Each structure stands twice: as C-alpha cells, then as structure tokens.
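What follows is a set of notes on a single structure, which appears directly below.
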Amino acid sequence: MDYDAFFTGALDQLRDERRYRVFADLERRAGRFPHAVWHSPEGPRDVVVWCSNDYLGMGQHPDVIAAMIDTATRMGTGAGGTRNIAGSHHPMLELERELADLHGKAAALVFTSGYVSNETGISTLAKLMPNCIVFCDAMNHNSMIEGVRQSGASKQIFRHNDMDHLEQLLGAADKNCPKLIVFETLYSMDGDVAPIARICDLAERYGAMTYADEVHAVGLYGPRGAGMAAHQETMDRVDILEGTLAKAFGCLGGYIAGDVNVIDALRGYAPGFIFTTALPPAICAAATAAVRHLKVSDAERERHQHNVRRVKEVLAAAGLPVMHNETHIVPVFVGNPDKCKEATDMLLSDHGIYIQPINYPTVRRGTERLRITPTPHHDDKLIAALVDALVDVWKRLELPLTYSGSAA
C-alpha cells in the first residue's frame, strides 16, 4: 500500500484548485508593530503587516506584557492539565469574571480558542436540547458550521442576513421543538454586520434561543468594547455570546458568556472543555489586563476607526476596488486566485508589505480578495505607502479597478 500517494494526491488537488497555502516566516517585535521582520529566502527584511487580527495592537501593550511576565514569574508557564484534573487557577477565574461583566451576563467560560468555543459550544448546546433545530446563517464561520454538524441536530440554513427567509424557516418549524439561531455579529471577510435586533425579534416571536459570535467585534465596538450587540443596544436580548481573546485583546483563547445554568451545563458536558488542557495562568492574566484596559480606554478604538476611514478614503480615491462596508474590514476585490496570490507576493517582495491572499474556501470562488485590517498604529506615511504599492501592483497585473455592489 502506497500511503504516501494519498497525501501527495491531496496536495496536488490543493495546488490544482489554487488552494495550496504558503505561510511567510514573520517575527513580530514588541514596540514596533505593525512592523515585523520577514525571514525571506534572501535573508531578514523589514515589512509592514496590513492583515493582522490583532486589531488594536494589544499584543504589544505594556500592561498586557507586564501582566504576562509577572504571572509567569509567580506561577510558572503551564496550567498543569485540564481544569477537571488541575483545578481552576486564579487568573482563569478572574478572566471569566471580567468577561461576564463585559457582556452583562451572569457567567462566562473560557476555552483554548474561539474555534473550540464555537465548535464544542454549539454542538453541546444543541445536544442538550432534545429535537433541537439549529438555524444557521449561510455565511457563518467554519467553527460554527462544524459545531452544528457535530451536534447531529436538524439544521436550517437561512440566506445571509435575510430576515424574511429566517422567519419563513422558523414559521415552518415544529412549534414544540427547541430552536437555536446561530449567527455572527460581524462577518470578517465582507465586514458586514447582522441585524441583531431583528434576529432577536424573530427569536422571541418563535420561541428560539440566540447564539451570537462576536469574535471580530469584541474590544472594537460598543461601550467598553463589549461588541456589536452592545453597539446596537441589543446585548441583553442575545441569550449566548461567544468571543475571542486572540484578536482585539491580543492574546489567546475563546469564551462563551450567558446565564449561569447554560455556562454550568457547558462546563459539565462540552468535550472541548473537559478534555483539553486549560490556558496557562500567564495567558489569562494578559487577557484580563487587555479586557480591563479596553473597558475604560476609548483611545485605541477612536484611533482605529479614524485610520480605517482614512484607508478606505485613500484607496477609493486611487480608484482601487474596495468592497464597501461600515466596519473595520477593508476587502479589496481581485476575483482570481492566481492573481490574488501574485499580488500578495509582489507586495511582499517589491514593497515590503505583508497581506495574505484570501481565496476559496475562505471566500466563494470568483470573490478572491485582499483583506486589509488597519490598526491604530498605521500612520499616514504607512497608509500612503500602501496605496502607492497597491496601485503599482494593480497596474502591473492588470487587475480590475472597479467593483460593483457591497462586500456582502
């Protein structure tokens, strides 16, 4: 049996479908973000990162770094095992209290990543409700789709942000079955947002629970950075909120916040929580420092939004095909996987600008794009250099300079 042939064939298929991924060897330097060192084949080079999900640069904030160093010095590096075996270390419990408070919920539970919190959270919740029907937005993240799939529950997929379609599906469902509506508050590839109030209206009308993924919104929107639901003044109406510590908070981990019994049930039943080593104390302390800082500081959010507006304005003025939305995601349309990869290679090698290509399956075929994420640390000089580089690459590759419609 030629086992290697299985993997060679799978890799060949990825290459044939233009889905083979190449990752740059980057070294971030605290205090210099968004600058980084690219360890290129020709040696180290300084580059500017324009696609990080560390949206506010909190991964280099002095308070966050200090909290991590101090806690690691006092408590060591690891958590010692799962929480069932090693117990819940104090920084973990402090973090969960901060997150519950952030979202105005009674309790919160931290997982090792946002992916795990969605996958094991959704699957466990649906399994705990006999004959549950899950209503899933068509554009939900893979972690949510996997959670629905692993639950074994009946699923209904509604067209993206289409409330008429969602109501049709809810109205046709068995009134005696429990229902769970799962959606993202801010969709990370197009940058559009969910009509949260309308979803909650339908949930109340048809007796459904709501589960909202806030990973690309927490820290960035709403009072104290509580997320898009808080920004839309609907946070108290959403039953379960899921978020991440790895994006705007600049650390690692995911979490779910909700009522006490919901969180306690997840603690007791979710395999992705029970059988996984807990986050280390130093990581939890750093995340807590980031959450606490962003609860009281608007400076990072204000500068972030200013730079986002500036980038969108100058890209549009240069005639580049920005896929318009009202959030901090800046997609620039390419529409071809090979050209998308060529564009990012040229930006990196010729201009010292790092942006990853976004191709299928992350986005639909034919909608390939660059996904630019400005931060508070991208100044006017860096923005001007980005525009000049993009115009140069677009001309050399003869890429389209127009895009009709919105990102959604």
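Obtain the nm distance between the two label points defined at Arg310 and Tyr360 by a simple spin-label model: each point lies 7 Å from its Cα along the Cα-to-C-beta direction.
Here the answer is 3.8 nm between the modelled labels.
Report, as a whole number in µm² per second, the diffusion coefficient that Stokes-Einstein gives for region 32-169 at 25 °C and 0.890 mPa s using the Kirkwood radius over alpha carbon pairs.
128
Please compute the length gained on full extension between Ala66 and Asp259, using 0.36 nm multiplied by the number of residues separating them and subtracting their Cα-Cα distance. Could the numbers behind the result be given before it?
Numbers: separation 193, 0.36 × 193 = 69.48 nm, distance 3.24 nm.
66.2 nm is the gain from fully extending Ala66 to Asp259.
In whole Å, what are the extents of the chain along the principal axes defined by its C-alpha atoms, from largest to smallest?
The Cα atoms of the chain stretch 59, 58, 55 Å along the principal axes, largest first.
Which residue, Ile355, Gly253, Gly268, has the largest displacement toward the positive end of the dipole of region 238-371 when charges sit on each Cβ (Lys, Arg +1; Asp, Glu -1)?
Working it through, the farthest residue towards the positive pole turns out to be Ile355.
Which trypsin sites (Lys or Arg not before Pro) in region 65-160 sit in a loop by DSSP (not H, G, I, E or B) and have at most 15 other Cβ atoms within 10 Å of their own Cβ? All intermediate terms of the calculation are to be shown ahead of the outcome.
Numbers: sites: Arg74, Arg83, Arg97, Lys105, Lys127, Arg149, Lys155, Arg159; in loops: Lys105, Arg159.
Those satisfying the criteria are Arg159.
How high is the relative contact order of region 1-69, in percent, with contacts defined as C-alpha pairs under 8 Å that are six or more residues apart?
Working: 51 pairs, mean separation 12.5, N = 69.
18 percent.
Tell me, what % of the accessible area of region 234-353 is carbon and sulfur with a 1.4 angstrom probe?
51
Could you identify which residue out of Asn325, Asn359, Asn261 has the top mean-square fluctuation in a GNM of the chain using Cα springs shorter than 10 Å?
So, out of Asn325, Asn359, Asn261, the one fluctuating most is Asn261.
Taking all protein chains together and a probe of 1.4 Å, list His231, His35 from the most accessible to the least accessible.
Working: His231 105, His35 50 Å².
Largest to smallest exposure gives the sequence His231, His35.
Taking R0 as 51 Å, what's the FRET efficiency between His90 and Ala385 from their Cβ-Cβ distance, rounded to 0.05? Show your work: numbers first, answer last.
Values: r = 45 Å, r/R0 = 0.89.
Efficiency, from the Cβ-Cβ distance: 0.65.
On a C-alpha basis, how far is the centre of region 198-234 from the centre of region 119-148 in Å? Whole number, if you could?
Here the two parts' Cα centres lie 17 Å apart.
Taking loop as defined by DSSP and a crowding limit of 12 other beta carbons within 10 Å, which chymotrypsin sites (Phe, Trp or Tyr not before Pro) in region 1-62 fit?
Details: sites: Tyr3, Phe6, Phe7, Tyr20, Phe23, Trp38, Trp50, Tyr55; in loops: Tyr20, Phe23, Trp50, Tyr55.
Passing sites in region 1-62 are Phe23.
With an 8 Å cut-off on Cα pairs and a minimum separation of 6 or more residues, tell me the relative contact order of region 302-401 in percent.
Result for region 302-401 is 34 percent.
Rounded to whole Å, give me the distance from the Cα center of region 283-308 to that of region 1-70.
Between the Cα centre of region 283-308 and that of region 1-70, the gap is 23 Å.
Of the cross-linked pairs Lys105/Lys175; Lys179/Lys295; Lys105/Lys179, which ones have a Cα-Cα span greater than 23 Å in the structure shown?
Exceeds cut-off: Lys105/Lys175; Lys179/Lys295.
I need the calculated FRET efficiency for the pair Arg97 and Glu167, taking r as the beta carbon distance and R₀ as 35 Å, to the nearest 0.05.
Result of the calculation: an efficiency of 0.40.
With the contact rule set at Cα under 8 Å and sequence spacing of 6 or more, what percent relative contact order holds for region 71-189?
Relative contact order here is 22 percent.
Residue by residue, what Karplus-based ³J(HN,Hα) values in Hz, rounded to whole numbers, does region 105-119 have, using 6.51, -1.76 and 1.60 with θ = phi - 60° and x for Gly and Pro?
Per residue, the Karplus-derived 3J(HN,Hα) values read 10, 6, 7, 8, 9, 9, 10, 6, 7, x, 4, 5, 5, 5, 4 Hz.
Work out how much length Ala24 to Glu42 would gain on full extension: take 0.36 nm times their residue separation and subtract the Cα-Cα distance, in nm to one decimal.
That pair, Ala24 and Glu42, stretches by 5.2 nm at full extension.
May I ask you to list the chymotrypsin sites (Phe, Trp or Tyr not before Pro) in region 239-287 that are in a DSSP loop and have at most 13 other Cβ atoms within 10 Å of their Cβ?
Filter output for region 239-287: Phe275.
How large is the accessible surface per residue of region 121-194, computed with a 1.4 Å probe and reported in Å² as a whole number? Working shown, then result.
Values: 2980 Å² over 74 residues.
The answer is 40 Å² per residue.
Extension gain Cys177-Leu14, at 0.36 nm per residue separation less the Cα-Cα distance, in nm?
Additional length available on full extension: 54.6 nm.
Which of Val334, Gly366, Gly191 sits closest to the plus end of the dipole of the chain, meaning its Cα is farthest towards the positive end, when Lys and Arg get +1 and Asp and Glu get -1 on the C-beta?
Gly191
Amide H neighbours of Ile181 under 5 Å, counting only residues 5+ apart in sequence or on other chains, H built in-plane at 1.01 Å?
Here the answer is Phe135, Met209, Thr210, Tyr211, since their amide H atoms fall under 5 Å of that of Ile181.
Collect residues whose amide H, placed 1.01 Å from N in the peptide plane, falls under 5 Å from the amide H of His324; neighbours closer than 5 in sequence don't count.
Ala407
Could you work out the helix-only [θ] at 222 nm for the chain, with each DSSP H run of four or more residues adding -39,500 (n - 2.57) and the total divided by the number of residues, to the nearest 500 deg cm²/dmol?
Calculated from helices alone, the mean residue ellipticity at 222 nm is -13500 deg cm²/dmol.
Among DSSP beta bridges lying fully in the chain, give the percent that are antiparallel, nearest 5. Kindly include the intermediate steps, with their values, before the conclusion.
Numbers: 26 of 47 bridges.
Beta bridges within the chain, antiparallel portion: roughly 55 percent.
Using DSSP, restrict attention to beta bridges with both residues in region 150-279 and report what percent are antiparallel, rounded to the nearest 5.
Given both bridge residues lie in region 150-279, the antiparallel proportion sits at roughly 35 percent.
The values are calculated or read from the model by the stated rules, or taken from the named source; none is laboratory data. Being a predicted model, the structure only gives us computed values, none of them experimental. With ideal geometry, Cβ positions are generated from the backbone for all residues, glycine too; neighbour counts draw on all protein chains shown. Only protein heavy atoms, including side chains, enter the accessible area calculation; ligands, DNA and RNA are left aside. Shrake-Rupley method; radii C 1.70, N 1.55, O 1.52, S 1.80 Å.
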